[in-house]
Structure formats: C-alpha cells, structure tokens
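**Student:** Here it is: the structure, laid out below.
The values are calculated or read from the model by the stated rules, or taken from the named source; none is laboratory data. Model, not experiment: these values are computed from the prediction. A quick note on method: Cβ atoms are made from the backbone with ideal geometry, for glycine too, and the neighbour counts reach across all protein chains shown. Note: areas computed on protein heavy atoms with side chains; ligands, DNA, RNA excluded. Shrake-Rupley method; radii C 1.70, N 1.55, O 1.52, S 1.80 Å.
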Amino acid sequence: MNVNQHTPMASPYSQPQPGYGQPTFAPLDSGYPPPYAPYNGPASAYQPGVPPQGYSSFTSFPSKSAPANPISELSSPLDLGHGRAPPTSGPPPVSAPQAYSQYGVHHQSDMQNGPPPMTQASPRPVASQSFNQGAVNLPGPLTSYPQHYGPPPTMQHVTSQMSSMQINCGPPNSAVPGYAPPHSSQPPVSTSFSASPAASYTQALPPASSAPSQAPPAASHQYYGGPPPPSQPPFNSSLPATSQQPFTSPAPPPPSSQPSFPPPPSYSGPPPAQAPSPLMSQPQQSFIPSQPAFSSAPQDSFPPRAPPPTSSQYPPPPTSTPSGQYPGAFPPQQQPIFPSGPLPPRPQMPLASMSQSNHLPPGPQGPPGPRGSLQQQQMPPPQPGMPVGYPPQQNGAFGQVRGPQPGYTGPCPGQPNYGAPAPGPAPPAQKRLDPDAIPSPQASDMPAVQKSRHRIDPDAIPSPIQVIEDDKANSTELFSTGVRGQAPPLVTTDFHVKDQGNASPRFIRCTAYNMPCTADMAKQSQVPLAAVIKPLATLPPDETPPYLVDHGEGGPIRCNRCKAYMCPYMQFIEGGRRFQCGFCSCVTEVPPHYFQHLDHTGKRIDFYDRPELSLGSYEFLATVDYCKNNKIPQPPAFIFLIDVSYNAIKSGMVGIVCQELKTLLDHLPTENSDSVVRVGFVTYNKVLHFYNVKSSLAQPQMLVVSDISEMFVPLLDGFLVNIGESRQVIESLLDHIPEMFADTRETETVFGPVIQAGLEALKAADCAGKLFVFHTSLPIAEAPGKLKNREDKKLIGTDKEKSLFQPQVGFYNTLAKECVAQGCCVDLFLFPNQFVDVATLAVVPVSTGGSVYKYTYFQPQSDQERFLNDLRRDVQKPIGFDAVMRVRTSTGIRATDFFGSFFMSNTTDVELAGLDSDKAVTVEFKHDDKLSEETGALVQCAVLYTSCSGQRRLRVHNMAVNCCSQLSDLYRNCETDTIINFLSKYAFRGILNNPTKAVRDTLVNQCAQILACYRKNCASPSSAGQLILPECMKLLPVYLNCVLKSDVLLPAADVSLDDRAYLRQLISCMDVSETHVFFYPRLLPLMKLESGSLPGAVRASEERLSKGGVYLLETGLHLFLWVGANAQQELLLNIFGTSSFSQIDATMTCLPVLDNPFSQRLREMVDSFRVQRSRYMKLMVVKQEDRSELIFRHFLMEDKSASGGASYVDFLCHMHKEIRQLLS
C-alpha cells in the first residue's frame, strides 16, 4: 500500500493515534498477540502479563453484547481534578452486566469526543486519586501494561523516578532544592480544601554563563509529582491497575482568571443519567493569590472516599490502521492488540495561553476583560447544576488560562504579565521565574493517602502551537540577514527577508547559530552542528532572486589557496590591491580589472554596487573552464518513457499521460523566451519502442528494440526534437499510443534497459537532461536489472530488516553512476498494485537528484488530479543540470557528512545530475581545530550547474554564525526544526545498516544527552525531579517522538515495505518547512473562517477535536477534512451543500463549489496550502466513526500510535527518566 494513494487504512507516517485502551473506537474483528508493546510511561508496580478480566490479548475483542462495566463508572468520590466529582450513586456491582456500546457510553446520541464535560463523572480514574497501603483493597487481576522501552520499572523505580517531576523551560528557581515552602500569606477560604496560588507559566531564556541566580525563599518550586521517594508509601499492588496511574497530577486548580465555560462535547463519558453532582461537591472559592509564583497545594480535608469498581472490561482499541493505499475495500486487519488499559485521565494544570474566541463552546460566557485587567478577575463559585469547565485557551483546548508568555510584558512596570494572578503582598523580587513549571501538590501539605502519585496534564507541557504563535507574535515582518549568528523566525512564521550579507533562511538554515568553539564542547552537548541547504529554492514574489554577476573571461574572483569565491567575508588590504580570505586567511592579489579604492572604513567604494561584496546569495556566470570537457554545454533534453503493459493501459494511466503531454509541452522550463529544451518519446513493456518525430514526417515512425541485453538507440536524427518545429507529429503520436496498445496482453515489464535507453540517447546528443519514467510493476522480465518479489513481513523487527531497504542488485548503483556522469536525471512515477521494490527502483532517481512519485492502486476518478498536478509541477519547476556542489568552511570546522538525493565520488563534491527548486541537502559539520569567538564560523556553499537555457552558472550562498565558549550560549541559539530535519535524515539513513530498534534507541539517547547536558551545565541547581528544558529546545521531545513514531522507524502491521522505502527517500531531500509539517501535522478548526487570516491551529491530539466541529489536517502529503458527527447543519450546508451528516459523500476528493463566502474561503485555503508544498495534497473527507478515521488518527501525533508509539506525555516521562539516569 502506498502513502500517497487511496485512503486505505494506515497512513504513511506514524500510525494512527488511537490512544490505546481509550474507549472511543469501534472494535475491529480480530486481534493478534502484540509484537510491539506500546510505551506507557514509567509503570507502577503492575504485574506484567496478567490480562484484565474478560479480555485476552489472544482472543477476539468482546462483542457489543458482552457485559462490561463502562469505564465511566471508574470515577471515585475522591476527585480533586478540575471538575471531577463523585458519582451520585455508587459503582455498580461487578457482576451487573452492562450494555457495551462502541463508544463506552450507553446512548449513541451521547457519544463524546474530546475532554469530558465537567458535569459528567470522569470516564477514567481521576488524576489526583491516589492510594496507599491503607486504602481499600479490591480483588481482581491487574491489567498488564507492556513497556515499549524495556521492562516495567519496579515500585522503587517509579517512586524515585517520577516522584517530583516538573517541566521547566529555562532554569528553575532554586529556593529549596526540592520543594517550595507552604504558603501561609493567604488564609484558606472556608471550604474543605484550599488551594495555594498557582505558578505563573513563563519562559525564561537559559541563563548566561554567570553564576546561577537563586530565587528567594518565598518563591515556590512546582513539581510533577509529590514528595521525594522516602516519604512516598509504596503502591498497593492489590489495587486495580487503573487506579495506579504512573503519572503526576495536580490538586485542585487555582482560580481561573476568566469565567468558566463548559467544554464542547468530547470523549466518552457516562450518559447524562449518570451525571454527578457539581464540582467536588463543594463550590470552589475564588481567592487572590498571595504572590506571583504559585502552586496548588491541597490541604488536609477531603470529601469521603468510595472504593472504585473492582474490575471492568475496556473496549479494546482498533486492531489496525490502514496505510492510505487501498481502493474502496479495506484489507484484512493485521494489527496486534495492546492491552494497555484505559487512557490515563487528563487532569488540569495551569497553562499559559491567551484566550481565543474562535473555539468557545456554547454556554454562559462572561465578556473577557482587557488584557491588563485579567489579574483582577476571579472565578465565581459554581452553583449546583451550573456547568463548570475550563476557560477557553489559545490553541482550542480548554484548560486553565496560561500564565505570562515570553515577549508579553505587563500593562505597566512592576505589574505581572496579563493572565497571571493578581499580586498579593510582594515577595522579594525573583531573578527568574520557573518557565513552563507545572504546579502540583506540595508534599508537606498533602495527607499521606494523597502522596502516592499524580498525573501530568497535557496542557501543562510545552505546546508546539503555543511556540509557533509566540514566534509569530515576536517576529517582525522584515528579517534582515546582516547580523552574524542571528536565528531567523521559525519556518511556520511569514516574514520578508532582506539580504544584507548572509544567505536568506530560505536557502540555508542552521541547527545552531552559536557554534561551540571546541570539539570537546560540541561532544559534551551532543547538539548536531548542521545546515540544511536548498540552493535553488524559489523565493516569494516580493523578494529579489539572486543577481547574476558576469566577470567576463577571467571568471569569478577566488582565493588562491582554498578557492573560496569572492564574498562579503573577504577583507581588502593595502589600499584595495589585495584581499585576505575569510576562510583560510590567505592573501590574494586583486586582478587589475577588479581593483577599486577603499573608503575611510576600509570598504571598497563600489561595495554596494557589487552583489558578491554586499549580499549573502548571488550567481556568477561561469566561463568555459567550468564546463565539462571545456565545452559550452548543449541545451538539455526531456525524454518521456511510458510503460504500455497491460496494467498501465487498464488503469487508464497511458491515456491520461498522453493527453496531458499535449498541453504540458508548451510549459517546459524556460528563462526568458521560448524553451530550448528538446523532447523525445519511448514506450516499453518487455521490449522498447522508439519514435521518430522529425518535423518533416507526415506520421511518426516507431522503431522496436527487442534485444535489450545491450541497449542502443536505433536513431539519432528525429528522436530529440524541438517542440515548436515538430508539434503536429508529436500530437499525432500522443493520440496514437493509447490506441496502438489498447488490446495488449503483455503483463511483464523491464526497467533497467529503459533508463539505459534514455541515457544512451542523451550521450548520443551530447547533452544533459531528464528522464520521466511512468512505470507500473515489478520488472520481472528477463533483462538487466531484473528483480524478484522479496517482501517478507517476517523480517520486520529482526536484524535482517535492514536488508529490505538496500537495493536487491548492484546493477542500479552502477547505472546511477553512469547517469550522473552524463548529467542524466531520472524522475520516476510509479502506479503499483502490488510490491514493486521501491528500495531498488528508487536508487537511480535518488542518486541522480531526481524524484519518486507513487500512486498505489491508481484510479483516474480519485487520483488523476493529484498525478497531473505533480507531473505539471515536475516538468515546469526550475532545474539545473550536471550540477556539482561544494561546501567550504572557515578554519576550525569542515563539512563531514551529507544527506539528500545525490551521488558522491569523493568526500567533498556533491554531484547532482539534476538539481531542482525542491531539493535540499543537509550538511553536517565537525571540528578539526578550535574556533574563535571574535571571527565566528563561515560557511560557503557553491553550486556549479547548467541552467535550462544551457548557460553554465555558479550559485553561491554564504552564512556566518557566532562561536561560543559557554554551553549556555549554544543552547540559547539553536533551532529545533532544523535539528529534527537532521536527526530524521540521520536515522533514516541509519536503518540501511542497523536494526530499526537500535536506530530508535540512538535517537532517544542523543536527545537525552542534549537535554541532560543543558540541565547539568546551564540550569540553576534544583531537585532532580524537575525536567528542565532549554527555551529554544522545549519542543525537541515532542518532535523527536514524531520521528520515532514515523512509519519508517515504527511501522504498523499493514504498512508495506514499499511505503517505508518511499517515505525514506522522500524525507532525505526535504527542507525544514517540509519535515516540520510532515512530522507534526497542522490541525485547523473550521468553525469560523475569516478572509485574510487562517484559524488558529490546535494541537494534534484527538482530545482537541470537538464532535460538533469540522477540522482540516495538513501533513504535507495529504489533506484530511474531519467532520464531527454533531457538526452544525449550517456548517455542513456551507461546505458540502447538504445539512445532513449521513448524506456527506466521504469519497469526494475535491470540495463542491458553492456560492457562499465560507465555501469560497475554505477552497482558497486548501488551494493556498497546496501551492506551498512540493507534492499535490489529495483531499480526503473523514466522517467521525467511519473506518477511514483510522487513517486520520494516525496523524494525531500527540496520542499513542497503533504500532506502539508513545503519546507525547508518556514520551516526555520516558525522556525525563533517561535524563535522570544520565545525570546520576
């Protein structure tokens, strides 16, 4: 199955995220023992291997009639979560049969999706509900919790590892090395509990290298989790597994600074009949916090505790996730079952965010006050029967209002940022607040029963959406490149670049803009030093493309020693007669024709007239010395090679290609006037047919070559022609091809000889060019490059798995080398219905700088639009031929490794038969000497290529970055998106020679080392229980988890080998913006659309979806339109032209054109997204509860994946454990 094709069930990248054990999906028919166990975070003392009652991982899932205690009954009266209340009636007896419903509720009409409404009993054990040895003992076996990352930790592990975990971005306060003193400045209000003030959520920069600043004693530390291990009683091993969640949670939330709203209908809870009494059976009192930093701490009195039900049957998760490639019917399910228990509850913790009107649920809404006055607002106590819930959040989630954000100052000096609590008696000024701190109950304030464990609130951990929004808010529209070592805005931010001496970030992005001065420092930090270079990137219309500089017969001015090209880093001396190279410090004479006087500052007086002296990117016109064989190159040629076997004809591909080429040939790439690119045509099955389309012929002539063991071209004159001269003959040929082969019965094809034929034709014409190959099946006919079907699912997960990603035969490596030598680039369009061995067929396209496109189970009605758009773009996009790229660096570092689609015959030259505007090359740098903070580090990328008009050119990009001797400076100026681009390419190349598990472990280990080094060397001293993340790397764990869950590294059972090989080569040449959206897709709510602006994105998690909404998900390769089962009729009418959910056609691939502003704006949005990406994204409509929803869930990257990938929360806990092990 294929990633880009039909909407089969699993998808190309990380598996759907059902959120294992979550009672929200229809069970599928059968199950298998779990080969990959999901990672569930550090487990408590679970007994591995004991399945829950009534559910065996080796039997089929319970049928709908099977008795099961609904999960919604698991709520216990001890609920300190926000809005978690005891059920009005006790839990049903274990033996009472409960009607099982697909969504864990009793009435279909009550199905929920998203956070549970606050008026319902919590569907799963409550966050703050913890037990110790003195708690109620209940019989019944425990759920087994398989660990993805190793054996389950012991009780001692859990208590010590997770005891007091906190996430900080930036250095923590250090009042006390573990816990904050209890607050005493504000007396508790008269309720049975009181909450201390909560912590403001700010993000501080990493400290400078000076001594760590200490927070005053009054400042509280916030932790994930409770007291240190000694004070924690061990878990009671006889409790039901569900009551022993391994994560931390807060106590009663602090008062919110906005009126509360009920959340939208969301995931499964009990039906209304079982609605519990209001929040915690007591009104929550508002209070004014006593100080800016706060943490919620429960006092000693609690509502009475009732025992939870002894056991319950959870509807198991779906068994499989289709991979986006089946037509119509779905293949049999083959996904293992993971008995991982119910999804942990989502308790609340404060989170920084601004409110957004876009995503408010219906309900009583108080007008939000002005930003500056939010501190003064208090939440009224909820009355019985009144809905309680979270105030709306910036990213569409419902949680407590976030604290201050970086870059937002308070309304006036001395006043806290908006969104923070109102000041009480001022404590001594803190030097630094705890950024991203997560409040949790203080050990000293908690009763013994409450100390055992807490859970992490997903809203309290770093949010990708928040970071993206903050960057947009903090970035100015104009980014000037004149400042050395200045990190650009994120790829998700719109900005205009002004080139002032460094290359635009559209051409080069670095992982670190402060390079460590020494190799030891680089090794200690483990931060990869790399740049992602996209030499021919297309620029927005309002930015100037690189200027073309012609130095005449002498050619470009270069350094005598290192051969670096003239650039802004060359220093002119001796009155302008010589220049000193910025890369190697060699002094070179200035040629007389290039001489110019210097001004009083030492600059040449023509500094601003010469692009190579004042700009970061420019082009030189190359002389004949830079041409192959010292000859000016011929204009390039395009050759179209079309498979005409039975499968190709039957699928309609041949007719579509021939019809499209008639118009497409008018749009061949050109620079000024008409295109000079020549074209030729070949068809093939087991033999090859060449066509003479000379303009003097009345009809095209076909010449057949049946001896394919030694390929040759049977004609020279008339094969490659100018489109203008031979238009009539070509059109006649394209009309005849589908008719000539309409009745073919030939099913076998060849592939190697097809590329050889194109290569020989280019050799005969003595020019470079591009082959467009349209191919359908595994080449099994007797011929050079013959392949056999080697897809073997048994090898997956074994040490032999790596062989599946390597080419079957060496023939194609040799062929690729010959193609590169000739400047013959190959683009491959695949239309497979079964295994075609992409890993082998893609060798030539990848080595020559070409592209692979894949349309599994090609069906014209649904795939024609995508294929034709890809073909048009591929033919028309700017491209250079016969290219060589070299990266030069200043003394101290050198380029050591390269990732992308190219060929290397030595260690320095990257050879590309073709280089187009979509291709990026990632370059890794290593130290070979010390760097100096004064001079910084310089990088120059020079690409020599032949333009599509036949002109030989040199494109030069320059980049200067700072150097630093302090680790804190390195961590202050990194770019996480670029680091992820590098790590993913590094890992995807690694699976060629290593087992995928080893590659995954290496990634996790490197990430842990990066964060542990920051913690050890840059953060101020604090409890080991805190997780402290650098400000600019706080998203590293969530993005890295997305890479680990990708289909390449962790495939679902039904992701084909071809899909994985296809994705592996596709990502190898992606730039930073493409890998960003690929690994963390963009999810946009469509309830309100305004012209000119996009709706605010929400986090990629199922609990962010509202059943009453419609959402658009963009992955870079797909677009999904998810429609909630309770979506408003007006919304459906505006989008689909029908007000009925059941009448929506889920097979549509393009939106109906309706005459209303909403429809028009939505279609504009979809079109604008497609224009931004290098591949045409096919639209897939996903109705809630449809089978196709499995594919959609696969891209909700913050949830667990069906193949065992951890959720974001779980992975963060795992990461924290790894960091603590490194630090200890």
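**Student:** Rounded to the nearest whole Å², what accessible area per residue is found for segment 763-826 with the 1.4 Å probe?
**Tutor:** Details: 2710 Å² over 64 residues.
Per-residue value: 42 Å².
**Student:** Enumerate the amide H contacts of K498 below 5 Å, restricted to partners 5 or more residues apart or on another chain; note that Pro and chain-start residues carry no placed amide H.
**Tutor:** F479, S480, T481
**Student:** Determine ³J(HN,Hα), in whole Hz, for all residues of segment 662-675 in sequence, where each value follows from phi through the Karplus function 6.51 cos²θ - 1.76 cosθ + 1.60 and θ = phi - 60°; x replaces Gly and Pro.
**Tutor:** 4, 8, 5, 5, 7, 10, 5, x, 8, 10, 10, 9, 5, 5
**Student:** In addition: Within segment 883-981, list the GluC sites (Glu not before Pro) lying in a DSSP loop whose Cβ has at most 16 other Cβ atoms in a 10 Å radius. Please report the intermediate quantities before stating the final value.
**Tutor:** Working: sites: E911, E924, E933, E934, E975; in loops: E933, E934, E975.
Answer by residue number: E933, E934.
**Student:** Given a 1.4 angstrom probe, what's the average accessible area per residue across segment 997-1113, in square angstrom?
**Tutor:** Numbers: 2310 Å² over 117 residues.
In whole numbers, segment 997-1113 has 20 Å² accessible per residue.
**Student:** Would you work out the charge dipole size for segment 627-706 about its Cα centre, treating the Cβ of every Lys and Arg as +1 and the Cβ of every Asp and Glu as -1, and quote it to the nearest 20 debye?
**Tutor:** 320 debye
**Student:** Given R₀ = 25 Å, FRET efficiency for S917-V1153 by Cβ-Cβ distance, to 0.05?
**Tutor:** Working: r = 31 Å, r/R0 = 1.23.
It comes to 0.25.
**Student:** Note the full-extension length gain between Q526 and H600 as 0.36 nm times their separation in residues minus their Cα-Cα distance, in nm to one decimal. Before the final figure, lay out each step's value.
**Tutor:** On the way: separation 74, 0.36 × 74 = 26.64 nm, distance 4.41 nm.
Fully extending the segment from Q526 to H600 adds 22.2 nm.
**Student:** Quick one: pull the percent of accessible area on segment 689-771 belonging to carbon and sulfur, 1.4 Å probe, ligands and nucleic acids left out. Spell out each step's value before the answer.
**Tutor:** Numbers: 1680 of 3760 Å².
Taking all protein chains in place, segment 689-771 shows 45 percent carbon and sulfur surface.
**Student:** Still on this structure, please answer the following. Provide the per residue accessible area, probe 1.4 Å, for segment 597-720, rounded to a whole number of square angstrom. Write down the numbers at each step before the final one.
**Tutor:** Working: 5590 Å² over 124 residues.
I get 45 Å² per residue for segment 597-720.
**Student:** With respect to the cross-link table entries K770/K919; K817/K926; K877/K1183, which display a Cα-Cα separation exceeding 26 Å?
**Tutor:** On the way: K770/K919 15 Å; K817/K926 28 Å; K877/K1183 36 Å.
Cα-Cα > 26 Å for K817/K926; K877/K1183; rest within.
**Student:** Can you give the Kirkwood hydrodynamic radius of segment 633-677 from its Cα pairs, in Å with one decimal? Working shown, then result.
**Tutor:** Working: mean 1/r = 0.0802 Å⁻¹.
Value: 12.5 Å, from the Cα pair sum.
**Student:** Wrap a convex hull around the Cα atoms of segment 581-639, take a quarter of its surface area, and give that in square nanometres.
**Tutor:** Working: hull surface 29.0 nm².
Averaging across all directions leaves 7.3 nm² for the Cα convex hull.
**Student:** Let me ask you something else. Working out 0.36 nm times the residue gap between L539 and L1223, then minus their Cα-Cα distance, what length gain in nm do you get to one decimal?
**Tutor:** Stretched fully, the L539-L1223 segment lengthens by 241.7 nm.
**Student:** What residues qualify as long-range amide H neighbours of D916, i.e. H under 5 Å apart, gap of 5 or more or another chain, H built at 1.01 Å from N?
**Tutor:** Excluding prolines and chain starts, which carry no amide H, the hits are G880.
**Student:** Rounded to the nearest percent, how much of the accessible area of segment 954-1051 (1.4 Å probe, protein heavy atoms only) is carbon and sulfur? Before the final figure, lay out each step's value.
**Tutor:** Working: 960 of 2090 Å².
For segment 954-1051, the apolar C and S fraction of the accessible surface comes to 46 percent.
**Student:** Which translational diffusion coefficient, to the nearest whole µm²/s, is obtained for segment 908-1007 from the Stokes-Einstein equation, given a Kirkwood hydrodynamic radius over C-alpha pairs, 25 °C and 0.890 mPa s? Provide the component values of the computation, followed by the final result.
**Tutor:** Working: Rh = 17.0 Å.
D, rounded to a whole number, is 144 µm²/s.
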